[in-house]
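Step one of this worksheet: look at the structure below.
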Amino acid sequence: MAASPAPETIAGSGASQDRAYVGIDVGGTFTDLAMYDTATGLFSTVKVPSSPPTFWPSVIAALDAADIDATRSATVLHGTTVHLNAFLERRGARMALVTTEGFRDIYEMRRGNRVRPYDMHFRYPEPLVKRRDIFTVAERTSADGTVLAAPAEADIAQLVERLKDGGYEAVAICFLHSYRNPQNEVAVTQALREALPGILVGPSHEVCREWREYERTSTAVINGYASPVLKRYLTDLLTALEEKANTRLFLLQSNGGLMRAEDAGDRGILSLLSGPVGGNVAGRALSEEAGFPNLICIDMGGTSFEASLVVDGQSVVQTEREIGGFPVLSPMVDIHTIGAGGGSIAWNDAGALRVGPQSAGARPGPACYGHGGTEPTVTDANIALGRLEDGCSFGNLTLDAAKARDAIATFAAPFGMDGEAMAQGILDIINEQMANAIRTITVRRGIDPREFALVAYGGAGPMHAADIARLLGVSKVVVPRAAGAFSAWGMLQSDLVHDMAETVLIDAREVDWASFAQWFDSSAETLGARLVSEGVPRERVHFERLVDVRYVGQENTLSVVLPPELLAAPEKCLATMRTAFEAEYVKVFGHSNPDEALEVATLRLRAKGESALDARTLLAADDAVPEAMTAEREGQIIFDGIARATRFITRGGMTPGKDYAGPCVIEEATATTIVPPDFSATIDKLGNLILTFEEAAR
Amino acid sequence: MSATLDPITSEVIRNAYNAIADDMSAMIARSAYSPIIYEAHDYGIALFDRHARLLGQYAGLPLFTGGLDAGLKATIERYGLENLKAGDVYTVNDTFITGGHLNDVDVVGVIADEGEVLGFIAIRAHWADIGTAEPGFPVNSRNIFQEGVRWGPTKIMEGGEFVRDVIDLLCLNSRVPRTLMGDLKAQLAAIRLGSERMIWLKNRFGQETIEACGEQIFQTTDRKFRDFISSIPDGVYTAQGTSDDDGVTPDPVEAKVTVTIAGDRMTVDTHGSSKQRAGNLNTGYANTVSAVRLALALLYPDAEPDINDGSFRAIEVIAEPGSIYAAEAPAPCMRPHPVMLLIDLIIKALSDVLPDHVAAGLPGDSWNIFLMGVDPQTGKGFTSGEALDGGWGASARGDGPSAVIHSAAGDFRNMPVETLEHRAPIRIRRLELGTDSGGAGKFRGGQNVIKEYEALCDMTVTLHFDRARTPEWGLFGGEDGASPVVTVYTTQEPEGSIVRKVEQLPLAKGDRFVAETGGGGGYGPVSQRAPEAHASDLADGVISA
C-alpha cells in the first residue's frame, strides 16, 4: 500500500469507467454503505451490523454485502468514530507529554475557569496524561519567535532514556511559542523519532500553528492519545483490503474533506469528527443539486441531537471547539450537539416538567422497549400519539404502545394532565430544545434560520423535522434519498481537503503583502503536491487563501478570502480586505468600527482536490434495488390533542411531483417521516422527499 | 389573548430565557475589545421582567449577576417605568447602588414593544478604564473619587441612537476610549439580540402567558430553595476570618457572619465585622447580597440550580450601614476582598450541618497582578492585568481541584503565557503547581499556582495578594492550604523581599518576582488518607513526602 498511486481521480467518472465508488460510514450499531458503480451507472445502499470492538471487519462485511469482489477496482471513502470513541471512553494510548522546562503543569492547570459556577464540586475530566508522565526540556523561544535557548543534546538523550523506560505508545510535544517558531519542537521531534521507532511522536506544530499554549497542548495530547487507535484500525483495515484488488481507501476528516488513509494514522486529530461530520458533508453535496444553498442539517439519534449548517453551498467550519471536555484547535465542521434524543427522559422537578438531558439508553431504554423502563421518554411519547405504530420493529425490538401509554399516564397524573396532553408536551419541549440548539448556531453567525431549509436524516430526525421547522419559521424540510445512509452517500462526493495555518499577529497596515503571497504560494505548492500524490489531477486542485482578521485588541476573528489576483496587487489588499471584513462583521454583530485598525491574526490555506463524482450523477442514477413497497393503509395520530385519520404511505410508492397533503406518515426501510396536518409532502425529480409548510406556501 | 398556564409552556419559556442569555454571551465574547471580557469572560448577563424580577441569566461571573437587579431598580426609580422606551439604554456604575467597584459597569437595555415595556436586559462587564487616579485598580485608594468616574443611572442611548454628550463624557474620562466604545458596542449588540428574541417570545405566547409562566417558574424555584433550607437543622451558625489589611492601614479587617436557619428561611447577618475602613476593601450592600446568593447557590445540591427571582426569596441579608459590607460614600471600594471571604465563611459556618455539601477553604482571593510601563522597543505604553488561580478546597467527594479561579469569578479564564508575552515585555520563567501547597487531609486541598515574572524593561507592578492571615482553612481535621506570598528579586535585594499588596512598585529591567497563590484546604484527618492516594500524589510530585 505504500507505493505511490497512479495519478487518477479519486472519484472520477471519466478516467475510471470500471471503478466502484463506495462510501462507508461505520457507526456504533450499524455500518452504512452507499455505492455508485461507474460500470452500470447504478446506485445502491447496504446496511450491515457494526462489529465492535475492532470495527474494521464491518467495512469488509459491507463491501462483501455490496458484492464487491476481489476483481473489482474500488475507491472506498470512509468515516469512522473508532478513535473519537476511544478518546471519549478513555481507551486511548498510554502517552507522555514533553513541555518547556518550568511549564510542566500548563496542561493540568487549564484556564482556571469553572464552567458550572454554582457547582461547589465542579471538576474537569481527569487529564489524559498524568503529571508523572509529563517531562520537561530546558529550551525557550520568545514571543517574536527568537530562540533564546535550544535544547541541549545531553538533555534530549536523557529524555529518550526516560521515555524508553516509560513504555509509552505516543509522545506529544508542546513548547512555548512554537506556533511562531517550531525550531525547538522540530529538533526534539527528530531526535525522538530516530531514537524511538514505533512510538508516535507528535509535536504541536504539526497539528496546530495557533497560539495559546494550553489549547495547543491539549490538541497535541488528544492527537497522541487517539492516533494510535486510529492507526491500528487503519492498518488492520488496509491489510484486509489488500485481499481486494485495486482498492484505495480515503478517510473523511473533521474539516469535511478526505485524506488518504495511509497518511491519517499519525494525525488522528484531523479526523476526530470523521463520523459525525458525514451528514453535513452530504448536506453540502445535496445543497447544490437540490437547489437549497442554505441548509440546516439535523441528526437525531437515541441520546443526542446534532445540528450543523451549510451556507452558500459550503460547510460552516470552526477552528476551535471542546470535545470530551478538552479544547481542540483544528478546523472542524461546526457541529452543535445537545443531549436530546429518542431516549431523553421526562422528569418531574418539584412540580416543573423537564425533558432530558438524561437518556434511558438501550437498557432499560424507553418504556415501550419492554425492558422494564418506567420513565417516559420521547420515543414513548411518539408511540403513545400513534406516530410510531404499536408493534412496529425498531432494530430487533418490538415496540409496545400500551407500556408507553401507561408510563406517560402515571407520570402525567401529578401534573393534573392526561396522558395524551403529556405526550404532546414531551414532544413540544424536546422539539423546542432542538430548535434552540439550531438558533444558537445560526444566531451566533448572524444568520436568519428562516432563509434555510432543513435536511433531516438519522434515526429519529425525520419524525421531528417538520415540528422543528415550524418553530424556526423554516418552510421546507428535505428528507434525502437514502436518508438512513446519508453520510455514506455524502462521502462519495467529498473532496480531498488539506489545511495549513500560521499565526502571524500583525497590524494590517504593517503587512508585507508580498511575504503573505509567498507564504500562500509555498504552502500551495506543498499541499498541491500532496494532493497530486494522492491521485488528484492538477486541474482539479483548487486553493482558498484566507486570513483571520480582527480589530486590533480583539481576540475573536472572522475569516476573509483573499483571491490570488488580489494578492498580486499588494496596494489593493488592505482596502479590499477591510471592506470584506466589515461587511461580514456587520452581518454577524450588527455594527462595525470603521475607525479601528485591523490585525491579521492567522493565515490559512485550504487546498481542495475536487471530486469528479457529483451529486447530479448520483441523484440521476437508478437504484440497483428498488425501494420495497407495502400497501398504503390508514391509521390514527394525535396532533395537538386532536386524533386525525392519517395515511401511512411507502416512500417507494409515491409518485414524483405529486403533492400529498398532511397528515401522513411516509415509511421507508431506514426512516419514518411525519407530515403534520399543516405540511404537505412531495418527491422531487431527484428523489428527495420535500415537506412544505402550507401556511408559509400560501 | 388570555393566559395559558401549563407546565409545558412554562418549561418552553424557561428554556428560552436561558438560551437567549447564552446567545447574548456568545455575542459579547466574540465582539468585545478588552482581553478581560473576551479572554477572561469578566461579565454577567441577566434578563428581567418589567417588575425587575430575574427571569434567566448567563452566570459567567456569578458575583456580577447576583447584583444586577440593584442597578436596574435604581434606573427604574430614577426615570420612571412610564418613561422607558424601546431602544433606550441606561448605564450605572455607582458602587453604592450596584455594589460592584466602579470598573464594573452595568448597561441596562429596555425591552419594549408597541409602546409597552416587556422587561429589561442588564449586563455588567468590566470596563478597561473609567478614569482612575492611576491606570489599573489602585490598591491604596482612600476615597471613591480616586477610583474613577462614578455615575448613577444615566441614559446613553435613546430610541436606538447614542446620547452623544454622555458618550463623549465617558470617553473623555477614559484612558482607552476606543476600547471602552468597542466593549460598549459589544454589550449593545447583545442587548439588541436579546430584545429581539424577547419580543419574538412575547409575540408567540402573548404577554399574559409570559407573565403567568414567569410567576409559576419563580414559585417552583422558590419552593425548591425553601425545601433545601428546611432540610438544614434550625440553628444559629457563625464563622469569622480576616482580610490581611486594607491597603492603607496594616490592621487585619474582621469579617464575621451569623447564619440563622429558621424553618424555610435563612438570614445572613454580618454584624461584628469591621466598620468601613480607610483602605479600599469596603463594598456596597448590593455586593454583599450577591455574595450571599452565590454562597446559597454553591451549597444547593444541584450542580446547575435554577437561578431566577424565586431562588433568593427565602433569604435575608443584614449588613450594618457604614460597615465594610454596606459602605457609605465616600468610602473607597475598589478591592472588596471581604465579599469573597464572606462567601467562604457562610460555607464554613454551615459545614457542621451540611458536611457533605461543603468544601474546605476555597481560593481566597483573585490575586491580582497589574504591570505597566513603556516598551522601549516600540515606544508604546503597555498594561497587563491578571487574576491568578488557586487551590480549591477538598470535600467529602474527594481532593480539591488545583488552580481554579475564586468562586465569585466562575467562568473567568486565566491569561495564556503566549498572550501575555506577546502583549507586554514580560517573560514568564515558570508557571507550575506548588508541591505540598494543598492542605493535607483525608482528602487533599487543590494545589496553588507559582508563577515567576521577569521584567524585560523598566516597569511597575501593582499587587493585591490577600489571605495570608486567614489561609484557606481545613475542615474536620484537614490542614490549611499554603499561604499566598509574592517575593520580589531586584539588584538592591537579590535575596528577595516579601510583598503582598503594593501600588506601582518599580521594577528595573531584569528584576523578577515569584507569585505564589493560596492552596486549598484539606478535608478530614490526614491519618485517614488512603495509602494509594498518598502514593499517587508522591508519584506525581504533588507532595514531597
Taking the options B:Tyr523, B:Tyr489, name whichever one is within 34 Å of the chain's Cα centre (by Cα), surrounded by 21 or more Cβ atoms within 10 Å (Cβ to Cβ) and among the aromatic types (Phe, Trp, Tyr). B:Tyr523
Being in contact with a strand residue (DSSP E or B) (Cβ under 9 Å, 6 or more places away or on another chain) and assigned to a loop (DSSP other than H, G, I, E, B) is the filter here, so list the residues in the range B:280-309 that pass it. B:Leu281, B:Asn282, B:Asp306, B:Ile307, B:Asn308, B:Asp309
All but one of (1) within 30 Å of B:Val499 (Cα to Cα); (2) within 14 Å of chain A (Cβ to nearest Cβ) hold for B:Thr249; state the number of the condition that does not hold. (2)
Restricted to the range A:180-220 and to residues being among the basic types (Lys, Arg) and in a helix (DSSP H, G or I), the residue farthest from the other protein chains (Cβ to nearest Cβ) is A:Arg193
Going residue by residue through the range B:260-279, is there one that turns out to be assigned to a loop (DSSP other than H, G, I, E, B), touching a residue at least 12 places away in the same chain (Cβ under 8 Å) and in contact with a Phe, Trp or Tyr (Cβ under 8 Å, 6 or more places away or on another chain)? yes
Six or more apart or on different chains, Cβ under 6 Å: which pairs go from a residue in the range B:485-502 that's farther than 22 Å from B:Ser243 by Cα to one that's at pLDDT 95 or above and of a type in the set (D, E, K, R)? Could you list them? B:Tyr489/B:Arg512; B:Thr490/B:Asp511
Strands (runs of 3 or more DSSP E) contained entirely in the range A:602-668, each with at least 2 residues that are surrounded by fewer than 20 Cβ atoms within 10 Å (Cβ to Cβ) and modelled with pLDDT of 90 or more: A:633-639, A:642-650
Would the range B:389-398 turn up any residue that is surrounded by fewer than 21 Cβ atoms within 10 Å (Cβ to Cβ), closer than 19 Å to B:Ile232 by Cα and within 14 Å of chain A (Cβ to nearest Cβ)? yes
When residues of the range B:265-311 are filtered for being of a type in the set (A, V, I, L, M) and more than 14 Å from every other protein chain (Cβ to nearest Cβ), how many remain? 6
Enumeration of residues in the range B:457-471 that are surrounded by 20 or more Cβ atoms within 10 Å (Cβ to Cβ) and either touching a His at 6+ places or on another chain (Cβ under 7 Å) or within 14 Å of chain A (Cβ to nearest Cβ) (or both): B:Asp466
Only one of these is surrounded by 24 or more Cβ atoms within 10 Å (Cβ to Cβ) and either within 21 Å of B:Ser34 (Cα to Cα) or at pLDDT below 95 (or both): B:Gly115, B:Gly67. Name it. B:Gly67
So which of A:Leu567, A:Leu546 ends up being surrounded by 14 or more Cβ atoms within 10 Å (Cβ to Cβ), more than 30 Å from B:Ile28 (Cα to Cα) and away from chain B (no Cβ under 14 Å)? A:Leu567
Sort out which residues of the range A:252-299 are part of a loop (DSSP other than H, G, I, E, B), closer than 21 Å to A:Glu544 by Cα and among the polar types (S, T, N, Q), and write them in order of number. A:Gln253, A:Ser254, A:Asn255, A:Asn294
With (1) away from chain A (no Cβ under 14 Å); (2) assigned to a helix (DSSP H, G or I) as the list, and B:Ala186 as the residue in question, which single condition is left unmet? (1)
Quick check on A:Thr247: is it away from chain B (no Cβ under 14 Å) and within 30 Å of A:Ser58 (Cβ to Cβ)? yes
Filtering strands (runs of 3 or more DSSP E) wholly in the range A:47-155 for at least 1 residues that are outside the structural domain of A:Arg193 (by TED's automatic domain parsing) gives A:73-80
Just give me the residues in the range B:343-398 being among the aromatic types (Phe, Trp, Tyr) and more than 30 Å from B:Tyr325 (Cβ to Cβ), in sequence order. B:Phe382
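Here is a yes/no grid of residues against (1) over 25 Å from B:Ile543 (Cα atoms); (2) assigned by TED's automatic domain parsing to the domain that holds B:Met459; (3) not β-branched (Val, Ile, Thr):
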site: B:Gly481; (1), (2), (3): no, yes, yes
site: B:Val485; (1), (2), (3): no, yes, no
site: B:Glu493; (1), (2), (3): yes, yes, yes
site: B:Val502; (1), (2), (3): yes, yes, no
site: B:Pro506; (1), (2), (3): yes, yes, yes
site: B:Lys509; (1), (2), (3): yes, yes, yes
site: B:Ala515; (1), (2), (3): no, yes, yes
site: B:Gly520; (1), (2), (3): no, yes, yes
Need the failing condition index for B:Gly373 against (1) part of a loop (DSSP other than H, G, I, E, B); (2) away from chain A (no Cβ under 12 Å); (3) under 20 Å from B:Thr132 (Cβ atoms), just the number. (1)
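Residue-wise test of (1) more than 23 Å from B:Leu420 (Cβ to Cβ); (2) touching a residue at least 24 places away in the same chain (Cβ under 8 Å); (3) within 14 Å of chain B (Cβ to nearest Cβ); (4) of a type in the set (A, V, I, L, M, F, W, C).
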{"residue": "A:Gly79", "(1), (2), (3), (4)": "yes, yes, no, no"}
{"residue": "A:Asn85", "(1), (2), (3), (4)": "yes, yes, no, no"}
{"residue": "A:Leu97", "(1), (2), (3), (4)": "no, yes, yes, yes"}
{"residue": "A:Arg111", "(1), (2), (3), (4)": "no, yes, yes, no"}
{"residue": "A:Arg116", "(1), (2), (3), (4)": "yes, no, yes, no"}
{"residue": "A:Tyr124", "(1), (2), (3), (4)": "no, yes, yes, no"}
{"residue": "A:Lys130", "(1), (2), (3), (4)": "yes, no, yes, no"}
{"residue": "A:Glu169", "(1), (2), (3), (4)": "yes, yes, no, no"}
{"residue": "A:Ser178", "(1), (2), (3), (4)": "no, yes, yes, no"}
Take the range A:477-492 and flag every residue that is of a type outside the set (A, V, I, L, M) and either assigned to a loop (DSSP other than H, G, I, E, B) or within 17 Å of A:Pro677 (Cβ to Cβ) (or both). A:Pro480, A:Arg481
So, in the range A:352-383, exactly how many residues are of a type outside the set (Lys, Arg) and without any contact (Cβ under 8 Å) to a residue 12 or more places away in the chain? 4
I want to confirm something. Restricting to the range B:419-438 and keeping residues that are at the interface with chain A (Cβ under 7 Å from one of its Cβ atoms) and surrounded by fewer than 24 Cβ atoms within 10 Å (Cβ to Cβ), which single residue is farthest from the chain's Cα centre (by Cα)? B:Arg429
Residues located in the range A:35-63, provided they are farther than 20 Å from A:Leu234 by Cα and of a type in the set (A, V, I, L, M, F, W, C): A:Met35, A:Ala39, A:Leu42, A:Phe43, A:Val46
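One line per residue, one yes/no per condition, for (1) in a helix (DSSP H, G or I); (2) in contact with a Gly (Cβ under 6 Å, 6 or more places away or on another chain); (3) assigned by TED's automatic domain parsing to the domain that holds B:Met24:
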site	(1), (2), (3)
B:Ile121	no, yes, yes
B:Ala125	no, no, yes
B:Asp129	no, no, yes
B:Pro135	no, no, yes
B:Gly152	no, no, yes
B:Ala190	yes, no, yes
B:Asn203	yes, no, yes
B:Cys213	yes, no, yes
Could you tell me whether B:Thr75 is polar (S, T, N, Q), crowded, with 16+ Cβ neighbours inside 10 Å and in contact with a helix residue (DSSP H, G or I) (Cβ under 8 Å, 6 or more places away or on another chain)? no
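The values are calculated or read from the model by the stated rules, or taken from the named source; none is laboratory data. In this text, all values refer to a predicted model and were calculated from it rather than measured experimentally. We place every Cβ from the backbone using ideal geometry, glycine too, and count neighbours over all the protein chains shown.
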